[in-house]
């Protein structure tokens with residue numbers, strides 16, 4: 001089976017001439033269905049650039065990106081409607097959860113579905129299911145400002161799963177959580193990857209969760225420096 | 001789910017405060033529109049109330065509002081005999097100050113003969129002038145009660161009736177008195193030399209002069225034709241009611257009208273800038289939310305809808321507050337604030353347009369927000 005996320009010799013250069021900055025150099029990476037892969041590295045190593053490329057918000061300078069077997073970029077070709085691709089194929093989890101403060105937990109989870117054209121009633125029903133699945137159903141009507149950090153991150157995970165994406169990207173999802181909650185969130189991501197056969201790519205600095213990844217990819221100066229297999 | 005409404009509901013207090021603030025600004029603009037219309041309405045109020053089809057005035061003048069006009073009192077009988085004239089009445093107009101119970105009031109005194117054209121069309125309270133001299137019908141704007149006694153030119157008048165909405169083009173309330181009383185008043189107010197000439201009994205010595213004769217025509221009469229007949233008399237000019245109305249709005253109150261109009265335009269421009277700034281600030285406050293929406297795949301129409309709907313809702317709330325405020329306070333204004341459905345609807349349209357135009361900059365800024373701004377701390 002083809003990897004759900006596949007980068008082949010992806011490079012990204014910002015600027016031109018003498019001021020050009022090479023953020024990624026010939027990066028190869030593949031994340032399989034059901035796999036949780038961590039991405040670590042010092043500041044400026046290219047983690048965010050790589051995440052932006054996989055998130056289809058930054059066009060690589062060269063190389064190929066395939067999501068769920070479909071070519072997204074290959075230097076000459078680019079999928080026309082990237083926003084639709086993100087809406088339907090990718091789930092996002094952020095460092096500070098990024099829940100819309102004016103929507104309650106259920107509405108936040110239902111949002112990606114209504115954006116994709118799902119009937120509002122059906123979207124709300126699935127949102128409730130997801131919140132129950134992530135054991136936060138009792139807080140379904142709470143506004144984000146009333147949720148604890150861990151609760152908000154669970155709601156954010158539920159939102160990321162709303163449209164049943166095959167790819168889930170997480171940017172420092174545990175940075176704002178204590179050790180215990182960080183482990184709970186990572187276990188949830190592992191559960192989601194396994195249950196939904198999704199590929200999960202997580203950018204993190206958080207050493208206390210390194211053991212929760214199937215593989216840990218270390219970046220340095222825009223290159224893949226090391227790949228370590230972790231969890232069994 | 002409507003994101004614009006959800007955001008407003010979440011920040012209801014701030015939205016309402018902003019709406020009230022905007023409403024105060026819009027109330028100033030709306031009241032200027034009302035005062036603008038009021039100036040025109042006031043200028044035409046007397047003319048309309050008199051229901052005159054023809055104004056006969058001194059030759060070479062465009063009186064009695066735009067210019068002074070003085071014609072012999074017996075012209076009324078001549079005008080009444082013109083073919084097509086159903087009725088005619090002589091009137092005088094003079095602006096003066098009168099001593100009222102509450103103090104000195106500036107009024108425009110109008111003299112007419114009861115039973116002939118020239119009196120108020122409707123009496124709000126009390127009665128019209130009767131056969132007794134030194135009676136007065138005053139507009140409510142003068143603040144006089146029935147039975148009140150006022151002094152003009154040393155003579156005491158008793159208020160027997162009131163009218164509503166009858167003011168001069170300058171905003172002074174109108175008071176109606178017998179023609180003879182008004183003629184005597186004009187004589188008293190005339191310069192000393194003129195009074196001496198009258199006392200000497202010269203050619204111009206009669207005080208039986210009036211400022212205009214107004215005529216009501218038969219239903220089948222042609223106003224221009226009758227006016228043409230009147231003009232052929234060498235010492236008279238004649239204006240149809242349409243000409244008099246045009247004169248009142250384009251000449252008598254033109255400067256005030258233009259001034260108010262320009263001020264209204266400036267206020268609307270200021271409102272537009274402030275609305276645009278508020279909408280821009282509201283949009284930039286949601287920078288991360290908009291970036292998140294774009295990252296999770298929200299189409300541009302969702303972002304545009306969010307900004308535009310909030311702009312229109314804010315404008316609507318402000319306008320509702322402004323309309324309520326102006327209608328609640330319009331009787332406090334010293335001049336008429338004439339706002340009808342047409343003016344309010346037009347202003348609502350202008351505010352809507354301002355909101356749409358004001359949100360364009362914000363929409364452009366929102367569409368330029370990079371989804372990557374949702375990532376990272």
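Inspection of region B:257-267 finds a residue satisfying the criterion of being more than 30 Å from residue B:17 (Cα to Cα), under 23 Å from the mean Cα position of the chain (by Cα), crowded, with 17+ Cβ neighbours inside 10 Å and away from chain A (no Cβ under 14 Å). Here the condition is being in contact with a helix residue (DSSP H, G or I) (Cβ under 9 Å, 6 or more places away or on another chain), touching a residue at least 24 places away in the same chain (Cβ under 8 Å) and loosely packed, with under 14 Cβ neighbours inside 10 Å; of B:241, B:208, it holds for B:208 alone.
Quick grid of which residues meet (1) within 26 Å of the chain's Cα centre (by Cα); (2) more than 25 Å from residue B:346 (Cα to Cα):
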site: B:241; (1), (2): yes, yes
site: B:253; (1), (2): yes, no
site: B:287; (1), (2): no, yes
site: B:301; (1), (2): no, yes
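Within region B:51-86, the residues that satisfy the criterion of being in a helix (DSSP H, G or I) and touching a strand residue (DSSP E or B) at 6+ places or on another chain (Cβ under 6 Å) are B:75, B:76, B:79, B:80. Tell me whether region B:343-363 contains one or more residues that are more than 14 Å from chain A (Cβ to nearest Cβ), in a helix (DSSP H, G or I) and within 30 Å of residue A:54 (Cα to Cα). Within region B:343-363 (the criterion being more than 14 Å from chain A (Cβ to nearest Cβ), in a helix (DSSP H, G or I) and within 30 Å of residue A:54 (Cα to Cα)), the answer is yes, since at least one residue qualifies.
Of the residues B:118, B:89, the single one that is under 28 Å from residue B:218 (Cβ atoms), in a loop (DSSP other than H, G, I, E, B), in contact (Cβ under 8 Å) with a residue 24 or more places away in the chain and in contact with a strand residue (DSSP E or B) (Cβ under 8 Å, 6 or more places away or on another chain) is B:118.
Within the set B:357, B:295, B:367, B:313, the sole residue that is more than 18 Å from residue B:28 (Cβ to Cβ), touching a strand residue (DSSP E or B) at 6+ places or on another chain (Cβ under 8 Å) and in contact (Cβ under 8 Å) with a residue 60 or more places away in the chain turns out to be B:295.
Readers should treat all values here as calculations from the given coordinates under stated rules, not as data from a laboratory. Bear in mind that the values here come from a model prediction, so they are computed numbers and not experimental data. Neighbour counts are summed over all protein chains in view; Cβ atoms, including those assigned to glycine, are modelled from backbone coordinates with ideal geometry.
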